[in-house]
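K.L.:
Please find one structure pasted underneath; my questions will follow.
The values are calculated or read from the model by the stated rules, or taken from the named source; none is laboratory data. From a predicted model like this one, the values you see are computed outputs, not experimental measurements. Neighbour counts are summed over all protein chains in view; Cβ atoms, including those assigned to glycine, are modelled from backbone coordinates with ideal geometry. Remember, those area values only see protein heavy atoms, side chains included, never the ligands or the DNA or RNA. Shrake-Rupley method; radii C 1.70, N 1.55, O 1.52, S 1.80 Å.
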Amino acid sequence: CSDASENHYATVKIGTQTWMAENLKSDKYCNGIDIVNEPNMNNWSLLTGGAWCHLNNDITMEDKYGKLYNFYAASDSRNPCPCGWHVPTKLEWETLINYLGGTEVAGGKVKQSGDQYWQSPNVADNQSYFTALPGRARTNLGYFGTDNGEDAFFYTKTGSGSNYAWVVGLGYSSAGIFPSETSKKFGGSIRCIKD
């Protein structure tokens, strides 16, 4: 599939769902309208609308890890995903997790195996071919997260009250995958799912 910025993505069918097998890189909504790029840490923490940044504000990270988005972009009705695709709901993520055996083991089945990207010991076999990479995160205060190779966070488009939203997290040393609540200002990766 291809997004409004003309990036092309590998896809994978897992159970009844079809997912991107790469993180979203688009800087436009499906309708061609630009999503705001906000590299500045202080400005990031004040955002109340959709925005993206590169990991560590380093454009060389984009090819492998995609962009990081806040919840306002992930949940925008203009849709940051390619047309015909969307940011998954918490329920759609749970469908994937349950299909792959539940929260304790599904993480290992979606992560890229080996230690080329994830730190060792990476508990993963990528059985699903989802090929999750450690795209890390940007905190609600605008800081970039842990050392590279440790974790990944994927947005759902499911909010939780006025200030929080659901993300799905992966860590290098665990086969687990866990939904959790985070600030809507948090910067996370997006994997789109076919409509």
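K.L.:
What number goes with the only condition from (1) closer than 20 Å to Ser180 by Cβ; (2) in contact with a Cys (Cβ under 9 Å, 6 or more places away or on another chain) that Glu38 does not pass?
P.N.:
Glu38 satisfies every listed condition except (1).
K.L.:
Would you pick out the residues in segment 143-177 that are at pLDDT 95 or above, buried (at least 17 other Cβ atoms within 10 Å of the Cβ) and assigned to a loop (DSSP other than H, G, I, E, B)?
P.N.:
Listed by number, the residues that qualify are Tyr172, Ser174, Ala175, Gly176.
K.L.:
For segment 62-77, state whether one or more residues are in contact with a helix residue (DSSP H, G or I) (Cβ under 8 Å, 6 or more places away or on another chain), open to solvent by 40 Å² or more (accessible area, probe 1.4 Å) and within 21 Å of Thr182 (Cβ to Cβ).
P.N.:
No; the residues of segment 62-77 include none that is in contact with a helix residue (DSSP H, G or I) (Cβ under 8 Å, 6 or more places away or on another chain), open to solvent by 40 Å² or more (accessible area, probe 1.4 Å) and within 21 Å of Thr182 (Cβ to Cβ).
K.L.:
I need the helices (runs of 4 or more DSSP H) fully contained in segment 28-107, keeping only those with at least 3 residues that are in contact with a Pro (Cβ under 8 Å, 6 or more places away or on another chain).
P.N.:
Per the criteria, 90-99.
K.L.:
Within segment 151-195, track down each residue that is free of Cβ contacts under 8 Å to residues at least 40 places away in the same chain and over 22 Å from Leu141 (Cα atoms).
P.N.:
none
K.L.:
Looking at segment 95-130, which of the residues that are charged (D, E, K, R) and farther than 18 Å from Gly188 by Cα is most open to solvent (accessible area, probe 1.4 Å)?
P.N.:
Here is the first cut: in segment 95-130, the ones charged (D, E, K, R) are 104, 109, 111, 115, 125.
The next check asks that each one be farther than 18 Å from Gly188 by Cα; those that pass are 104, 109, 115, 125.
On the way: Glu104: 127, Lys109: 47, Asp115: 106, Asp125: 85 Å².
Step by step, filter segment 95-130, then rank; the result is Glu104.
K.L.:
Okay, next question. Take the residues in segment 131-142 that are among the polar types (S, T, N, Q) and over 20 Å from Lys13 (Cα atoms), then tell me which one is most open to solvent (accessible area, probe 1.4 Å).
P.N.:
Per the stated criteria, the residue is Asn140.
K.L.:
So, one more: Could you please find all residues in segment 43-54 being touching a residue at least 40 places away in the same chain (Cβ under 8 Å), out of contact with any strand residue (DSSP E or B) (no Cβ under 6 Å at 6 or more places or on another chain) and open to solvent by less than 60 Å² (accessible area, probe 1.4 Å)?
P.N.:
Hits for segment 43-54 are Trp44, Ser45, Leu47.
K.L.:
What are the pairs, 6+ residues apart or on separate chains, where a residue within segment 28-42 that is surrounded by 14 or more Cβ atoms within 10 Å (Cβ to Cβ) has its Cβ under 9 Å from a residue that is of a type in the set (Gly, Ala, Ser) and assigned to a helix (DSSP H, G or I)?
P.N.:
These pairs meet every condition: Tyr29/Ala73; Ile35/Ala73; Val36/Ala73.
K.L.:
Here is a further query. Please give the number of the condition Asn57 fails out of (1) within 19 Å of Thr182 (Cα to Cα); (2) in contact (Cβ under 8 Å) with a residue 12 or more places away in the chain; (3) open to solvent by 70 Å² or more (accessible area, probe 1.4 Å).
P.N.:
(1)
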